[in-house]
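Notes follow once the structure below has been shown.
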Amino acid sequence: MLTGRREPLDRICNIIRSRTSQAVYLMAGPGIGKTALTEAITERLAGEMIIVQIHGSSSLASVPFGVLAPYTAELNAEDSVSPVAVLRSVWSYFEKLKGGKETPLLLMMDDAHHLDEATAGIVADMISAGWASVVAAGRPRPGLPQPMAQLWYDGLADRVDLRPLNRDQIEEVLAHALDGTVPAGTVDTIWSASGGNPRILDALLHDAAERGVLAKRNGIWMLLGALPSDGPKLTGVVVKDMLRRSAEEQEALKLVALAGPVRRKVIEDISGAEVVRALLDQQMVVESPGTPADLRMWNSMFGDALRGSISVSRSLQLLETIRVQLETSPAGSEGRLRAVEWALECGLKITDSKLLEAAGTALAHFRNGSSRTMAARVAEPELLPRAQAIQARALFNDGDYAAAAKTADGCWLQLEPGEGAAPALMLSVLAHQALGTPLEVLAAQFREGPGSVDTTASGRASPDGASDAPVRPWWDHLLCLMEHGEAGNHAALADEVQQLGSPDSGDATQTALRVVGTALLAHSLAGDGRAVQGLDAALLAASELPSLQGGVFFFNEFVLGRLVANYLALGEWESAERELADYASGDPLSAAAFAGSLQVLRGYSLLRQGRIERAYQMLLPAVETLRLADPLQMFRFGSALGFYVAARLGDAAQAGRLELDYKDSPPGPASQDLLATAYAAAASEYVSRDGKGLAAVHTLATTSEVSARAGMLLELLAVCW
């Protein structure tokens, strides 16, 4: 797989052809593509040079001149260890190959880091004398033998470091390998999983395609689930790698794969410091910065595949060898999560408090299946509501909105306000809305349901302690905020937010309600043509987000969409893109989970800028992504925008498909739905050209929901234009 490797291929071939240097050292970690690149160099230069291939071997690393045996077969035992005799024999062999011609000679050396010192000395002498050009591929750790390394220090050899494929190169590889559009979310997931390692990338693509996880939908390549770590190709890569290692290295790698991240000292105490250093040198494990240092596998998919190859009985044996050290030297929340998962895999009992913490950590990393499994095992009554809230969010992440709604409904009232009751109720509301339940119906049901719940903590009291007004439950505040946001009533929203107190109150529930209310206020102001005030409100909501991290509701994304909407209403395209880019770079896991929604926002921005073709390229993959999971309920809006841009560009097939998607989807948030209706009507006008679509937009513009809101009316008039 040489896509993305053209530059180093051209560079090395040019150096060898021009003789600007007699040797080139190609350095890279395992699986990065050294062998494939040396094969490509051999193929390109085969017609210009006589090429001799030499392969380093760990089994011959301590045998003097071991890899040169094919060229020294005529030497006796005494001469076979003489550097002078070996050099003469090798050179004689090369002269026979040349047959009296002046064709230059090229030594292609793979796994040169395994060369013994004696062979390296011979090669260095040949380079220094100009007898042959050399391309030596090896790993930077432990590096090439000293005689060859010295030539680079002396300026007699060039070095080319082959890095893992970057995101753009991964995108190029996928475009070359797959016939169709590969959306950004698919590229990001595969890049992250492969770590830019071509060997792992090839295995993942093969296994994902075979398993049906990587599939083509409407011309778009989508990941329909998690990339498999137990596929035959990736398993083969792991098994082949492990067979090359000593028993001590195999056991250390298994321990790191099963326990990682794990303290370096824990592995050193069991396997020995020398083994750990060797694995670090071979880049099979990586060490975290800081003190104490943690070890983890160099690639998470490789680690998952290695874990899957270990039997339960062997895994239990390994756990017993390290269990005490893990309990006394935990490697942070991730280490504790892995310890719980490992114990469950071995059938051991875990306390409910550890299960709950691990489930929360797994949820934060969007390991939804693991999170649900652990949360479902929690049985203590006082911990059960929190465990159910975690399960609800994991189900929501997986797009199972019915199960998420049912689970959240059963736990939010049992949670104390400070334990995440408000986030759980928000999750419940959005899960029901994703199923198409109108907010007014939900609000009525929720208000009937709580009944006699004690809400005194949310009321306001007079200075003498007596209540000065009927106690109002916090959930009624929240429902009112949602209702006013749905109606676009910014005055009522502002009044509700005002009642929630100042940001300095320290009340977690009030903070959550204030963030929701202020974000809804921002969106309502933008629709009313007051985007400057709306932007201020959105930025105020964003300022309170740090205190809401770690819960079951996605406050960051809830605010982000409304912040971006205000920037777009002001025509500040670059600011909107900056917010989206900063969010994605700051929280890549969440960005992957909300990829479809982010791409719709980007497509919407491009559309409003008049960049129709670019919007088309952005929106089509976004719609397919949202078809799998739609956490912010943007599928209908995205389908309408896609229908519009496809119709404007004359793509009748896509326009027809997206029109059906729009019509068949449940309504989203009210303000989005009005815009979706307008764009869909305009799209139908571009398709039919009969005036009916334009008339529908005009009619919509006269309704009270639009005519009374200057910002919304202005956008509808722009659609007509």
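Just so you know, all these numbers are worked out from the coordinates, no wet-lab data involved. All figures in this text were calculated on a predicted structure; none of them were measured in a lab. No Cβ is skipped: glycine too gets one built from the backbone with ideal geometry, and neighbour counts run over all protein chains shown.
Summary of computed values
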item	result
Stokes-Einstein D for the stretch 489-534, Kirkwood Rh over Cα pairs, 20 °C, 1.002 mPa s (µm²/s)	200
Virtual spin-label span in nm between LYS349 and GLU43, 7 Å along Cα→Cβ	6.1
Fraction of beta bridges assigned by DSSP in the chain that are antiparallel (%, nearest 5)	35
Candidates per trypsin sites (Lys or Arg not before Pro) in the stretch 91-127, loop by DSSP, up to 12 other Cβ within 10 Å	LYS101
Protection proxy ranking, peptides 188-197, 278-287, average beta carbon neighbours within 10 Å, highest first	188-197, 278-287
Furthest towards positive pole of dipole, GLN325, VAL266, MET297, structure part the stretch 230-333, Cβ charges	MET297
Per-residue ³J(HN,Hα) for the stretch 542-554, Karplus 6.51 cos²θ - 1.76 cosθ + 1.60, θ = phi - 60°, Hz, x for Gly and Pro	5, 5, 9, 5, x, 7, 10, 6, x, x, 9, 10, 8
Mean ellipticity per residue at 222 nm, deg cm²/dmol - from DSSP H runs of n ≥ 4 across the chain, formula -39500 (n - 2.57)	-19500 deg cm²/dmol
Contour excess over end-to-end distance, with Cα ends at ARG163 and HIS365 and 0.36 nm allotted per residue	70.0 nm
Order of LEU568, LEU306 - criterion: other Cβ atoms within 10 Å of each residue's Cβ, fewest first	LEU568, LEU306
Highest-first arrangement of 333-346, 42-55, 371-384, where packing means the average Cβ count within 10 Å	333-346, 371-384, 42-55
Residue order, fewest to most beta carbons within 10 Å, for ARG139, ARG211	ARG211, ARG139
Sequence of LYS349, LYS406, LYS254 once ranked by neighbouring C-beta atoms within 10 Å, starting from the fewest	LYS349, LYS406, LYS254
Estimated FRET transfer efficiency when R0 is 35 angstrom, pair THR437-ARG689 (beta carbons, to 0.05)	0.40
Label-point separation, LEU717 to ALA293 (7 Å along Cα→Cβ), nm	6.6
Backbone HN-Hα couplings from phi across the stretch 40-48 [Karplus 6.51/-1.76/1.60, Hz, Gly and Pro as x]	5, 5, 4, 5, 6, 9, 4, x, 10
R0 of 45 Å, Cβ-Cβ distance ALA73-ARG277: FRET efficiency to nearest 0.05	0.75
Label point distance in nm, SER59-GLN445, each placed 7 Å from Cα along Cα→Cβ	6.7
For ALA293, residues with placed amide H under 5 Å, excluding near neighbours	ARG264
Built amide H within the under 5 Å cut-off of ARG159, gap 5+	TYR25
Coordinate range along principal axes, alpha carbons of the chain, Å, largest first	105, 67, 41
Pairwise FRET efficiency - SER128 versus ALA247, Cβ, R0 = 41 Å, nearest 0.05	0.55
HN-Hα J in Hz across the stretch 482-493 - Karplus 6.51, -1.76, 1.60, θ = phi - 60°, x for Gly and Pro	5, 5, 5, x, 5, 7, x, 8, 5, 5, 5, 4
Filtered GluC sites (Glu not before Pro), the stretch 667-721: DSSP coil and at most 14 other beta carbons within 10 Å	none
Extended-chain gain in nm, criterion 0.36 nm per residue less alpha-carbon gap, SER309 and THR35	96.0 nm
